[in-house]
Amino acid sequence: MPATATRIGRRWPEPPWMGNDVGGHIAVNPNRTPLRRFDANADTDTEKTIMKYRHPMTKLFVFCSLLAMSLLLQSAAHAAAPFARTSAPGFYRFMLGGYEITALNDGTLELPVDQFLTNTTPQKVNETLAEDYLQSPLETSYNAFLINTGAKLILIDTGAGNIFGPHLGRLTANMKASGYAPSQVDEIDITHMHADHIGGLTSDGDMRFPNAIVRVDRRELDYWLSEANMATAPEGNRGDQKGSYRRAMTIMEPYIRAGRMRPFDGAQELSPGIHAYQSAGHTPGHVGYMIESQGNRLMVVGDIVHVAAVQFEDPTVTVSFDSDSQLAEQERIKEFTRIANDKILFAAAHVPFPGLGHLQADKHGFRWIPINYSAGK
């Protein structure tokens, strides 16, 4: 008779790894709970299979195999997921006193900044970019700013629309993602009439903001709508070239025809807390906007700066598509000085999104301090 152990009147088999026969005795699970009697010499496949998988080492092997298979399947599933490639919707919101400000991104373009920055050299530009781990072509932001005063919804600039390809023209989608619709915009204040600031006004010749009044400095409007100016301009689509005039005329035409164009003359308050100030140089009628609410100020500067990594450090660097580079340089230095001295928060169209921050005077230039991120209050 095989060796057995006795517990409260029952006979238990010795552990199977000790080589004893369990025939005729009670089969045991790891918790030593008595099970039904099996015959080790049984001929049925079912009983032989059950006895086989009662072996502790066999169960451990099966468990490890199943675990390994599960991990492999999970790994294969993760590897098959496609790249998302896009970031979150491009809007950033904060309160300025009693006004809600939403920075809206229209997209980015890679620009050969070492080729169009002037009053410097390509080598110096590339060296300066490298100090900030950047290079040319430089991915450049195109930003606009939406102000909710509580009484009106005012948009400053509109992005490029579909003029410069698929990487721009995202402003209205980002506006919708932020909780607003183009039809809700009451007023659009334009800094200047280059296509990357007014292109978003229309879509296939139709007004994209059908309920908005468009405000532009009269000198700026007259300059770009002048057939005489266009006739004497060189061919091309940048700066003061013929293509820029054609685009401006085409974009503004639906608003002019609908009676929704309302030019203004020089520095003045356009709406409560929204003050236009003259900032000529980049274009003849370029303006900026000072937003004020409850003692808080935001200065929306338009295109006085195009390449933050270069022009903050050296504001004498200009761009080839300034209408008047010397005047633009003087205006940039004047505004940077005011922003730094008065500790004013400012917003710029081509500073990396959301394009908001402060300046401090530093040696012969300025130090850029981006706004601290806030998740909202």
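Points to keep in mind about this one:
- Tallying residues that are in a loop (DSSP other than H, G, I, E, B) and not charged (D, E, K, R) within segment 259-286 yields 14.
- With respect to (1) crowded, with 22+ Cβ neighbours inside 10 Å; (2) of a type in the set (A, V, I, L, M); (3) within 16 Å of ARG247 (Cβ to Cβ), the lone exception for LEU171 is condition (3).
- Within the option set GLU227, GLU329, being assigned by TED's automatic domain parsing to the domain that holds PHE145 and either in contact with a helix residue (DSSP H, G or I) (Cβ under 7 Å, 6 or more places away or on another chain) or surrounded by 16 or more Cβ atoms within 10 Å (Cβ to Cβ) (or both) holds for one residue only, GLU329.
- Pairs are defined by a Cβ separation below 7 Å, a sequence spacing of at least 6 or placement on different chains, a first member in segment 143-161 that is of a type in the set (Lys, Arg), and a second member that is surrounded by fewer than 24 Cβ atoms within 10 Å (Cβ to Cβ); the pairs so defined are LYS152/ASP186; LYS152/GLU187; LYS152/SER271.
- Exactly one residue out of GLU331, GLU292 is under 24 Å from THR158 (Cα atoms) and over 27 Å from the mean Cα position of the chain (by Cα), and it is GLU331.
One line per residue, one yes/no per condition, for (1) touching a residue at least 40 places away in the same chain (Cβ under 8 Å); (2) in contact with a strand residue (DSSP E or B) (Cβ under 7 Å, 6 or more places away or on another chain); (3) surrounded by 22 or more Cβ atoms within 10 Å (Cβ to Cβ):
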site: GLY199; (1), (2), (3): yes, no, yes
site: VAL214; (1), (2), (3): yes, yes, yes
site: ARG218; (1), (2), (3): yes, yes, no
site: ALA231; (1), (2), (3): no, no, no
site: MET249; (1), (2), (3): no, no, no
site: ALA280; (1), (2), (3): yes, no, no
site: GLY302; (1), (2), (3): yes, yes, yes
site: VAL305; (1), (2), (3): yes, no, yes
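- If only residues of segment 174-197 that are touching a Lys or Arg at 6+ places or on another chain (Cβ under 8 Å) and β-branched (Val, Ile, Thr) are counted, the one that is nearest to ILE147 (Cα to Cα) is ILE188.
- Number of positions in segment 299-340 that are of a type in the set (A, V, I, L, M) and part of a helix (DSSP H, G or I): 8
- The set of residues in segment 218-247 that are over 13 Å from SER323 (Cβ atoms) and in a helix (DSSP H, G or I) comprises ARG218, LEU221, ASP222, GLU227, ALA228, MET230, ALA231, THR232, LYS242, GLY243, ARG246, ARG247.
- Candidates PRO122, PRO182, PRO137, PRO166, filtered to the one that is more than 24 Å from HIS286 (Cβ to Cβ), modelled with pLDDT under 95 and not basic (Lys, Arg): PRO166
The values are calculated or read from the model by the stated rules, or taken from the named source; none is laboratory data. Note that this is a predicted model, so its numbers are computed, not measured. Cβ atoms come from the backbone with ideal geometry, glycine included; neighbour counts cover every protein chain shown.
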